[in-house]
Amino acid sequence: MKNLSIGKFRGLQQISTRRGTITALALDHRQNLRKANPAFENDGELSRFKLDVTKALGARATAVLLDPEVSAAQAIAVRSIPNSVGLVVALESTGYTGNATERHAQIIPGWSVEKAKRMGASAVKLLVYYHPDSLTAKETEDFISCIADECMKHDLALMLEPLSYSLDESKKLSSDEKRTVVVESARRLTHLNVDVLKAEFPLSANDTLQWADACKEISSASCVPWILLSAAVDFETFLKQVTAACNAGASGIAVGRAVWQEAVAMSGDERMKFLYGTGRRRLSRLNSLCHALAKPITDFYQVDAPFDWYKTY
């Protein structure tokens, strides 16, 4: 078990249940939401959608993941995040620079770990596109280490989200290739002073017989708690993936579109009716599943608090 700093440990407490499991409501999407609904090209409309979802579903989550551009400060200002729910704020710009097989990540211009700490975030989330055999792999690892150092300096928990990609522009990763990349990413990147790994499901929906073993490989490779992201799968598929992941050692989830996807095309009363009905039922079901099956983050971390801790803090 690893000793964690008092600030990071407190941040992880804020984004998890008392048992130590995580059900994060993911709403840091930007460009993909603008593409899905032309109305969201307007910042105000995009922000309104995110605040509607946060208001309706936030109380069913342990944390809300928002972006600093149109939602994090706004959600605080209008009190749409319940006091008992943690706030995770994204660091990265949408998309990537470079070509499709040599991807580079970057922080949102004008944004930083230090500012996230100042505004009251419980943790920050860093998304990187990563393939262990890419020519930019070492650069990405150094970038993660740099951000991790900033998080240590400001005593803020770091959630890392590596997204896999193919080194052949003409085709996507096969299911077996994705499994290799996701597991190897966990092995290489979780040693870089990150605190939580937000991982892709390692196999396609068709390889159900191998789901358990593949998820166990992530648990074996990762030296920190890992949570499962929902990507763009439907709710019923994600429910099955969550069951497999948590039974294999995952500490919870970060779920977005699997819960609220249909609301993207809605507005007004129709949107809120869906979110307060179907959306809440979905998230409550996932939260209960994680609470029952997920591995607590306290199985990984503890904190020492001697009476003179503040003198060297």
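The values are calculated or read from the model by the stated rules, or taken from the named source; none is laboratory data. Since this is a predicted model, take the numbers as computed values, not measurements. Quick reminder, even Gly has a Cβ in these numbers, built from the backbone with ideal geometry, and neighbours come from all protein chains shown.
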Checklist entry - Which residue pairs have Cβ atoms under 8 Å apart, sit 6 or more places apart or on different chains, and have a first residue in the stretch 222-233 that is on the phi > 0 side of the Ramachandran plot and a second that is in a loop (DSSP other than H, G, I, E, B) and surrounded by fewer than 22 Cβ atoms within 10 Å (Cβ to Cβ)? => result Ala231/Glu200
Checklist outcome for this item: Scanning the stretch 118-149 for residues that are among the basic types (Lys, Arg) and either under 25 Å from Arg188 (Cβ atoms) or touching a strand residue (DSSP E or B) at 6+ places or on another chain (Cβ under 8 Å) (or both) gives Lys125, Lys138
Checklist entry - Counting only residues that are farther than 25 Å from Phe300 by Cα, polar (S, T, N, Q) and out of contact with any Phe, Trp or Tyr (no Cβ under 9 Å at 6 or more places or on another chain), how many does the stretch 133-180 have? => result 4
Item to check | Verdict on Leu158 being surrounded by 17 or more Cβ atoms within 10 Å (Cβ to Cβ), of a type outside the set (D, E, K, R) and farther than 18 Å from Ser251 by Cβ | outcome: no
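Conditions tested, residue by residue: (1) closer than 23 Å to Leu66 by Cα; (2) buried (at least 22 other Cβ atoms within 10 Å of the Cβ).
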| site | (1), (2) |
| --- | --- |
| Gln210 | no, no |
| Lys216 | no, no |
| Asp234 | yes, no |
| Ala245 | no, yes |
| Phe274 | yes, no |
| Arg281 | yes, no |
| Ser288 | yes, no |
Checklist entry - Scanning for something over 21 Å from Leu163 (Cβ atoms), of a type in the set (A, V, I, L, M) and out of contact with any Gly (no Cβ under 9 Å at 6 or more places or on another chain), does the stretch 94-111 turn up at least one residue? => result no
Checklist entry - Any residue at all in the stretch 1-20 that is more than 19 Å from Ala59 (Cβ to Cβ), of a type in the set (A, V, I, L, M, F, W, C), exposed (fewer than 14 other Cβ atoms within 10 Å of the Cβ) and touching a strand residue (DSSP E or B) at 6+ places or on another chain (Cβ under 9 Å)? => result yes
Checklist entry - If we scan the stretch 90-97, do we find a residue that is out of contact with any strand residue (DSSP E or B) (no Cβ under 7 Å at 6 or more places or on another chain), of a type in the set (Ser, Thr, Tyr) and surrounded by fewer than 15 Cβ atoms within 10 Å (Cβ to Cβ)? => result no
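Of the residues that sit in the stretch 118-133 and are in contact with a helix residue (DSSP H, G or I) (Cβ under 8 Å, 6 or more places away or on another chain) and in a strand (DSSP E or B), which one is surrounded by the most Cβ atoms within 10 Å (Cβ to Cβ)?
Filtering the stretch 118-133 for residues that are in contact with a helix residue (DSSP H, G or I) (Cβ under 8 Å, 6 or more places away or on another chain) and in a strand (DSSP E or B), the one surrounded by the most Cβ atoms within 10 Å (Cβ to Cβ) comes out as Val124.
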Item to check | Lone qualifier among Leu209, Leu160 - being more than 15 Å from Leu229 (Cβ to Cβ) and hydrophobic (A, V, I, L, M, F, W, C) | outcome: Leu209
Item to check | helices (runs of 4 or more DSSP H) completely within the stretch 12-117 that count 3 or more residues being more than 18 Å from Gly256 (Cα to Cα), at pLDDT below 95 and of a type in the set (Lys, Arg) | outcome: none
Checklist entry - Do the conditions hold for Ala105, that is, is it touching a residue at least 60 places away in the same chain (Cβ under 8 Å), surrounded by 23 or more Cβ atoms within 10 Å (Cβ to Cβ) and touching a strand residue (DSSP E or B) at 6+ places or on another chain (Cβ under 8 Å)? => result no
Next on the checklist: Which residue is nearest to Leu12 (Cα to Cα), if the candidates are limited to the stretch 298-313 and must be assigned to a helix (DSSP H, G or I) and charged (D, E, K, R)?
Outcome noted: Asp299
